[in-house]
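Derivation of every value follows stated rules applied to the coordinates shown; laboratory data play no part. Remember, it's a predicted structure, so these values are computed and weren't measured experimentally. Every residue, glycine as well, gets a Cβ built from its backbone with ideal geometry; the counts of neighbours run over all protein chains shown.
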Amino acid sequence: MFYSIWLQIRVIAALTLRETRMTFGTSHSGYFWAVFQPIFSVSFLMTLFYLIGRQSPFGTSLALFFATAVLTLEFYNKLSVSLMRAFTTNKSLLSYPMIKEPDTLFARLSLIACTFIVINVIFYSGLLVVGLGQLPAHPERLIYAFLTTCLLGFGVGSINAILYQKNQAWQHIEKIFARPLFFLSGVFYIPSTMPPEAIAVLKWNPLLHVVEWTREGFYSNYRSDVLNIAYPLGLGAALVIIAMFAERITRKQRV
Amino acid sequence: MIAFENVTKIYNVKGVKKVILDDASYRFADKKNVALMGHNGAGKSTMMRMVAGIELPTSGRVRRTEKVSWPMGFARGFNGLMTGVENVRFVSRVYGCHTESVLEQVQEFAELGKSLALPIQTYSSGMKARLAFGLSLAISFECYLIDEITAVGDRRFKKKSEQALKDKIKNARVVMISHSEKTIKDYCDCGVFAYGSKLYHYDDVNELLKDYRKFC
């Protein structure tokens, strides 16, 4: 029992190191770009909105308000998209009997999660340094929200991986669902101030809940009428369970 | 212990159904060097991959309590974009071996010199085979799977590999596929013959070779 847990940890650790090497390339600048590419793209977006002269819907810092949503979405997107190709790119690894497909998923998850912890820390401290940020009022809520995003991204990403391997056309269909998330997740607005008809639709988006959770973590006086913690957590857990069962059932057809 | 329990393996490619094994149970004799023989296309390599755990049976179980190697000379598990060193490190981590000592042994055995620091995609197939063979020797397996040993390397390296393998077998065993009667006699104590989707055991290699000559 202990041996198999130890084996599992060892395999996932080895795979994570390999993933790191594969995603970032040989050079050390690879690590730099992996972390700073999302940071730069979010900063660029924010600069544009500042130039337009947009006011922050909440608090004084437009940058902080955006970041709470955009960084969460970036993290989720990264997970759901790179997990999708985990099986197809790692096919050769299955020649080592102790490596099973879910291990490749876990390895990608841990690499991406670590990268995004670094990205979040750098970005929010950066905002603090230039006077556009603030210290989170409830840091523990940020951690909960981050972990819930992991759960959702992992669940969706794993299901993507199974479907993508069955039929490569899935990558195009997945995009159709993923595209509108940017508008449905409260990037530009406070969901609680939307008309009830809009909320009735928006509240089905689990990422909106996570974004609201992150905001409640940052602002001491942000009250969300939409946030229901049980929804993203329950959905995330259900997706992960479904994905793991589906993976096990379809494993024989895949090899 | 390595054992097939009611193993059925069926390939279904483009509507063509091929039965490799049909409800076969077989226990590879413990600590013995086993020859695996059969005509071309009987499914010997597939069986070996099932023993290695690379392929799953359609139904039934493959039980394995020994540390079994991947089929030797097989370099598919390497990543072309990563260097030789990185691939070696990865594999030894997965098998829980001491990374640097494995690397040292591979360096010494495979004689790839500075090429070890280059991406595998720049290697010739002979170089890849050397690396794979050196690596499987460095990781101490209890059972080595050998699919046509003669395919690897130039003459000098072949000799060296043969010697290294004979040294290894003192503490480990082999399951071997070969069409060469000499190789089988050299290495194996007993054998199994794959015929008509079933497996037949032979305690004596000479008996196996007799039937092999008769049917193949």
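General remarks:
- The loop-placed chymotrypsin sites (Phe, Trp or Tyr not before Pro) in the stretch A:128-229, going by DSSP, that have at most 14 neighbouring Cβ atoms within 10 Å of their Cβ come out as A:Phe188, A:Trp204.
- In summary, the stretch B:100-177 shows an alpha-carbon radius of gyration equal to 1.08 times the 2.2 N^0.38 Å reference for compact globular proteins.
- The three principal axes of the Cα atoms in the protein assembly as shown give end-to-end lengths of 88, 47, 40 Å, sorted in falling order.
- Estimated D of chain B in µm² per second, where Rh is the Kirkwood radius over Cα pairs and Stokes-Einstein applies at 10 °C, 1.306 mPa s: 88
- For chain B, the relative contact order works out to 28 percent when only alpha carbon pairs closer than 8 Å and six or more residues apart are counted.
- Pairs from the list B:Lys128/B:Lys210; B:Lys31/B:Lys182; B:Lys14/B:Lys158 with a Cα-Cα gap above 32 Å: B:Lys128/B:Lys210; B:Lys14/B:Lys158.
- With R₀ fixed at 25 Å, the C-beta to C-beta distance from A:Ile229 to A:Ala198 puts the FRET efficiency at about 0.75.
- Here the simple spin-label model places points 7 Å from the Cα toward Cβ, and for A:Ser41 and B:Glu66 these points are separated by 5.1 nm.
- D_trans [Stokes-Einstein, Kirkwood Rh over alpha-carbon pairs] for the stretch B:84-140, 20 °C, 1.002 mPa s, µm² s⁻¹: 196
- Taken one residue at a time, the phi angles of the stretch B:154-169 give Karplus couplings (6.51, -1.76, 1.60, θ = phi - 60°) of 7, 4, 5, 5, 4, 4, 4, 5, 4, 4, 4, 5, 4, 5, 5, 5 Hz. Gly and Pro are set to x.
- Remark: mean inter-chain Cβ contacts per residue of A:95-102 equal 5, using a 10 Å Cβ-Cβ cutoff to other protein chain atoms.
- Extension reserve of the B:Glu100-B:Asp203 stretch, reckoned as 0.36 nm per residue once the Cα distance is removed: 33.0 nm
- Entries of B:Lys18/B:Lys170; A:Lys100/B:Lys159; A:Lys100/A:Lys175 with Cα pairs more than 32 Å apart: B:Lys18/B:Lys170; A:Lys100/B:Lys159
- Taking chain A and dividing mean pair separation by its residue count, relative contact order in percent (alpha carbons under 8 Å, at least six apart): 24
- With an a/c value of 1.5 or above and a/b larger than b/c for the gyration tensor axes a ≥ b ≥ c computed over the alpha-carbon atoms, chain A is described as prolate.
- Centre-to-centre, using Cα atoms only, the stretch A:79-107 and the stretch B:52-112 are separated by 17 Å.
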